[in-house]
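Trainee: The structure that follows is given in the form of structure tokens.
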Amino acid sequence: MKKTILSLVAAATLGLGFASAAQADLLSDIKAKGKIVAATEMHFAPFDILKDGEYVGIDRDLFDEIAKELGVEAEFIDLPWQSILPGLEAEKFDFVLAPVTMTAERLDRYSFTLPIGNATVALAKKAGDDSITKPEDIAGKAVGSQKGSAQLAQLKAFSETLPEPVDAREYVNIDEALADMAAGRISGVANSLPLMGYASVQRPGLFELVLPPFGEPKYFGWVARKGEDSASFIEAVNKVLINMHEDGRLKAINEKWLGSNPDLPTTMPEVK
């Protein structure tokens with residue numbers, strides 16, 4: 001009798017384990033709820049913008065297409081960048097829609113989608129500032145970038161190659177850095193090429209893009225939690241992204257916001 005009871009308990013425990021494993025699938029959970037909750041920072045133009053209380057930008061346009069093809073509703077949460085990846089790990093939402101720069105460390109820690117943007121670092125300066133004509137001219141100057149970003153890390157690495165170090169200033173978001181540059185408190189802002197180009201195009205009398213970009217070529221992707229439970233969801237998102245490459249939707253969205261269509265890979269790039 002005792003052996004029978006123990007066997008029943010063991011079987012029940014094993015059954016619960018199988019049930020838990022079966023349920024641990026992000027795509028299935030999202031489809032069952034009919035909704036995906038995605039977090040981003042709505043101060044990262046042109047990818048994420050809060051305009052007159054409405055969330056718009058490249059990420060919004062892209063992910064509306066993803067949600068439509070998956071047959072679910074998308075709910076968006078606006079958070080400071082520094083809290084987004086920790087919030088994902090704490091399971092406060094399903095997915096990170098904020099563009100995350102692909103690095104070897106992050107690829108070990110998160111499940112990435114295919115690239116959705118170019119993350120190579122570029123510099124913006126105040127319009128008419130003839131003291132900066134190339135990236136190397138920021139030696140000894142104050143330059144802003146976003147706290148906790150891969151672009152800030154690349155700015156600091158670039159600074160070490162210059163004859164005089166850069167005074168790297170850290171900001172909660174890029175809007176604050178651009179405002180400080182407009183006010184003359186810093187000489188430049190370093191962030192991804194699309195962001196700096198967008199700022200220069202939107203306010204040509206105030207900001208100018210400094211070319212070429214510096215640092216190694218990088219890409220943005222979206223991320224889910226690491227693990228097998230995210231695999232089917234990432235695969236489904238990637239399938240839609242490839243469809244958008246092929247049918248022209250991706251090109252149309254990029255041209256709408258950037259005026260050009262960046263060359264983005266349809267396979268995972270090699271990341272150093």
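Trainee: Hey, among Val100, Val143, which residue is buried (at least 22 other Cβ atoms within 10 Å of the Cβ) and over 26 Å from Pro269 (Cα atoms)?
Mentor: Matching residue, one of Val100, Val143: Val143.
Trainee: Please state which of the following conditions Asp129 fails to meet, knowing it meets all the rest: (1) touching a residue at least 60 places away in the same chain (Cβ under 8 Å); (2) farther than 15 Å from Glu216 by Cβ; (3) touching a strand residue (DSSP E or B) at 6+ places or on another chain (Cβ under 6 Å).
Mentor: Going through (1) touching a residue at least 60 places away in the same chain (Cβ under 8 Å); (2) farther than 15 Å from Glu216 by Cβ; (3) touching a strand residue (DSSP E or B) at 6+ places or on another chain (Cβ under 6 Å) one by one, Asp129 breaks only (3).
Trainee: Would you check if Leu211 is surrounded by 15 or more Cβ atoms within 10 Å (Cβ to Cβ) and touching a helix residue (DSSP H, G or I) at 6+ places or on another chain (Cβ under 9 Å)?
Mentor: no
Trainee: If you don't mind, another one. Go through the residues of the range 155-165 one by one and say whether even a single one is surrounded by fewer than 21 Cβ atoms within 10 Å (Cβ to Cβ), in contact (Cβ under 8 Å) with a residue 24 or more places away in the chain, closer than 22 Å to Val100 by Cα and among the hydrophobic types (A, V, I, L, M, F, W, C).
Mentor: Yes: one or more hits.
Trainee: Something else now. Quick check on the range 173-208: of everything there that is assigned to a loop (DSSP other than H, G, I, E, B) and either of a type outside the set (Gly, Ala, Ser) or touching a Ser or Thr at 6+ places or on another chain (Cβ under 9 Å) (or both), which residue is surrounded by the most Cβ atoms within 10 Å (Cβ to Cβ)?
Mentor: Filtering the range 173-208 for residues that are assigned to a loop (DSSP other than H, G, I, E, B) and either of a type outside the set (Gly, Ala, Ser) or touching a Ser or Thr at 6+ places or on another chain (Cβ under 9 Å) (or both), the one surrounded by the most Cβ atoms within 10 Å (Cβ to Cβ) comes out as Ile186.
Trainee: Take Asn243 and tell me if it is of a type outside the set (Ser, Thr, Tyr), outside any loop (DSSP other than H, G, I, E, B) and under 15 Å from Gly144 (Cα atoms).
Mentor: When the stated conditions are applied, Asn243 does not pass them.
Trainee: Here is a follow-up. Answer yes or no as to whether Pro204 is at pLDDT below 95 and out of contact with any Cys (no Cβ under 6 Å at 6 or more places or on another chain).
Mentor: Yes, satisfied.
Trainee: Only one of (1) surrounded by fewer than 23 Cβ atoms within 10 Å (Cβ to Cβ); (2) closer than 18 Å to Pro46 by Cβ fails for Lys218. Which number is that?
Mentor: (1)
The values are calculated or read from the model by the stated rules, or taken from the named source; none is laboratory data. From a predicted model like this one, the values you see are computed outputs, not experimental measurements. Every residue, glycine as well, gets a Cβ built from its backbone with ideal geometry; the counts of neighbours run over all protein chains shown.
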